Amino acid sequence: MREFPSILLSEDALATNTALAVIQSNISVVNYLRHSDVGDDELHPDAFASYCVDYYYNTVKEEGLASFIHKTKWDLDIIEIIQAGLTAIGSVDHLAYFEKQMRQMKLFSKVKLAKFLQHPLEKGKEIAQLLDDRSFPMEDLIQLNGDWLKQHPDTQIVSLDEMQAQLLSFLAEEEE
């Protein structure tokens, strides 16, 4: 098994000078590799951590904590990746919030959690209310995540053609 060696960001994303464009560039690469049957354990670990942190942030911000827990099935591998990503990014407020949720989930009964996860979110409203936490931080996680990606030692800023060439080369090596 080989791991993708870089965090690839497009020159176009950096030219926009917005953190969101940088994050979306990384997401595009991760999605491309995942849709090409590259396993999550073969992705650059920090590129995948950024991807997971972005998913966490957007899901909790838009849909709430209960939705995030339900959608991820509180998969401990993903939870650990997000925790490590928040730490690496330097997000003090979101890390504190996330670790608070991790402690809360440890107190949650496994039976109650399993029941919540096996039914559609709408049917678990009473449990969702127990999980609801409105103390979601205002810290700009998008900016922190984008800055981290740009400054990461494994980041390569490339043209879209070069990005495609590197991705196809990696996929060709995987098939050998």
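Derivation of every value follows stated rules applied to the coordinates shown; laboratory data play no part. Treat the numbers as computed from the prediction; the structure is a model and nothing was measured. No Cβ is skipped: glycine too gets one built from the backbone with ideal geometry, and neighbour counts run over all protein chains shown.
Full extension of the segment from Lys73 to Ser28, taken as 0.36 nm per residue of separation minus the current Cα-Cα distance, would add 13.8 nm. Here each label is just a point 7 Å from Cα along the line to Cβ, and for Glu63 and Glu173 those points are 3.5 nm apart. Placing +1 on each Lys and Arg Cβ and -1 on each Asp and Glu Cβ, with no other charges, gives region 4-102 a dipole about its Cα centre of roughly 280 debye. Of the trypsin sites (Lys or Arg not before Pro) found in region 104-160, the ones in coil according to DSSP and having at most 13 other Cβ atoms within 10 Å of their Cβ are Arg134. Placing unit charges on the Cβ atoms only, positive for Lys and Arg and negative for Asp and Glu, gives the chain a dipole magnitude near 1280 debye about its Cα centre. One chain, two ends: Met138 and Asn17. Fully extended at 0.36 nm per residue, the span grows by 41.4 nm beyond their Cα-Cα distance. Taking a Cβ cut-off of under 9 Å around Asp40, the surrounding Lys, Arg, Asp and Glu residues balance to a net charge of -2, with basic ones at +1 and acidic ones at -1.
Taking other C-beta atoms within 10 Å as the exposure proxy, Met163, Met105 rank Met105, Met163 from fewest upward. Taking the charge dipole of the chain about its Cα centre, with +1 at Lys and Arg Cβ atoms and -1 at Asp and Glu Cβ atoms, the residue from Gly90, Leu107, Ile27 reaching farthest to the positive side is Leu107.
Listed cross-link partners Lys71/Lys123; Lys61/Lys112; Lys73/Lys112; Lys73/Lys150; Lys61/Lys106; Lys73/Lys106 are compared with a 19 Å cut-off, the Cα-Cα value being larger for Lys61/Lys112; Lys73/Lys150; Lys61/Lys106. The angle between the Cα long axis of helix 92-107 and the longest principal axis of the Cα atoms of the chain comes to about 50 degrees, rounded to the nearest 10.
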